[in-house]
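The values are calculated or read from the model by the stated rules, or taken from the named source; none is laboratory data. Fair warning: this is a prediction, and the values are worked out from it, not measured in the lab. When we count neighbours, we look across all protein chains shown, and the Cβ atoms used for this are built from the backbone with ideal geometry, even at glycine. The protein model used for the area step is the full one, side chains on, heavy atoms only, and it has no ligands, DNA or RNA in it. Shrake-Rupley method; radii C 1.70, N 1.55, O 1.52, S 1.80 Å.
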Amino acid sequence: MRWAALLRAVNVGGTGRLPMAELKALVEAEGFGNVRTLLASGNVVFEADEIDPAALAAQLEEATRRRGLTTDYLLRTAADLHREMAANPFPVAAAERPERLLLTFLREPLGQEAFARLQATHDGPEALHATDRVLYVDYLDRETMRASRPPQAMRNARFPAVATARNWNTVTKLRALLA
């Protein structure tokens with residue numbers, strides 16, 4: 001089975017340094033095959049016999065801890081990404097400004113109560129929509145992205161702890177790597 005692993009807070013703003021060549025070697029050393037990385041922000045695609053995403057994530061997180069970096073891995077299959085991309089409520093953003101459409105992937109389901117808290121604490125111009133394990137954020141323009149406050153709203157809403165975001169362009173590339 002092929003998996004995409006999205007690492008949380010790796011190589012972003014000078015934190016969580018993990019060169020992609022090291023990530024690739026780490027995943028290969030764990031016995032996984034056909035390993036490829038994408039960009040420098042902690043994206044890796046690989047093949048594994050294991051079909052339990054929680055077990056895979058735990059194994060990779062432990063291997064990364066042994067290397068000296070604590071981070072979370074969120075795993076998706078091609079079918080997961082296809083379903084999550086098909087559920088995108090902002091098709092115009094995907095077509096016209098894919099770099100400003102962010103998908104925040106969640107390890108655990110968000111739930112309606114948590115999304116309601118998020119909406120209640122969010123006061124920015126971004127458009128938000130949530131499905132079970134993805135929060136979609138449509139940043140309408142560059143100024144909106146610079147002035148964005150969803151991270152604070154997420155903290156105020158007690159957002160799930162294990163989450164990581166990728167823009168539409170990156171998710172599209174990950175899905176292609178999984179194909």
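Which numbered condition in (1) surrounded by 14 or more Cβ atoms within 10 Å (Cβ to Cβ); (2) within 16 Å of residue 164 (Cα to Cα) is the only one that residue 39 fails?
That leaves (1) as the condition not met.
Six or more apart or on different chains, Cβ under 6 Å: which pairs go from a residue in segment 43-60 that's touching a residue at least 12 places away in the same chain (Cβ under 8 Å) and open to solvent by less than 70 Å² (accessible area, probe 1.4 Å) to one that's small (Gly, Ala, Ser) and assigned to a strand (DSSP E or B)? Could you list them?
44/5; 45/4
From (1) in contact (Cβ under 8 Å) with a residue 40 or more places away in the chain; (2) within 21 Å of residue 175 (Cα to Cα); (3) open to solvent by less than 70 Å² (accessible area, probe 1.4 Å); (4) of a type in the set (A, V, I, L, M, F, W, C), pick out the condition that doesn't hold for residue 26.
With respect to (1) in contact (Cβ under 8 Å) with a residue 40 or more places away in the chain; (2) within 21 Å of residue 175 (Cα to Cα); (3) open to solvent by less than 70 Å² (accessible area, probe 1.4 Å); (4) of a type in the set (A, V, I, L, M, F, W, C), residue 26 is out only on (2).
Which condition breaks for residue 111 when tested against (1) under 30 Å from residue 48 (Cα atoms); (2) modelled with pLDDT of 95 or more; (3) among the small types (Gly, Ala, Ser)?
(2)
Residues being under 21 Å from residue 140 (Cβ atoms) and either modelled with pLDDT under 95 or small (Gly, Ala, Ser) (or both): count how many of those fall in segment 81-95.
The number of residues fulfilling the criteria is 4.
Could you tell me which residue of segment 129-161 is nearest to residue 43 (Cα to Cα), considering only residues that are open to solvent by 30 Å² or more (accessible area, probe 1.4 Å) and at pLDDT 75 or above?
Among residues in segment 129-161 that are open to solvent by 30 Å² or more (accessible area, probe 1.4 Å) and at pLDDT 75 or above, the one nearest to residue 43 (Cα to Cα) is 133.
So, restricting to helices (runs of 4 or more DSSP H) that lie completely within segment 25-139, which ones have at least 3 residues that are under 17 Å from residue 8 (Cα atoms)?
Correct list: 53-67.
More than 19 Å from the chain's Cα centre (by Cα) and either crowded, with 17+ Cβ neighbours inside 10 Å or at pLDDT below 95 (or both): does that describe residue 21?
yes
Pairs please, first residue from segment 115-131 and under 15 Å from residue 103 (Cβ atoms), second anywhere and assigned to a strand (DSSP E or B) and among the acidic types (Asp, Glu), Cβ atoms under 9 Å, 6+ apart in sequence or on different chains.
These pairs meet every condition: 126/138; 127/138; 128/138; 129/138.
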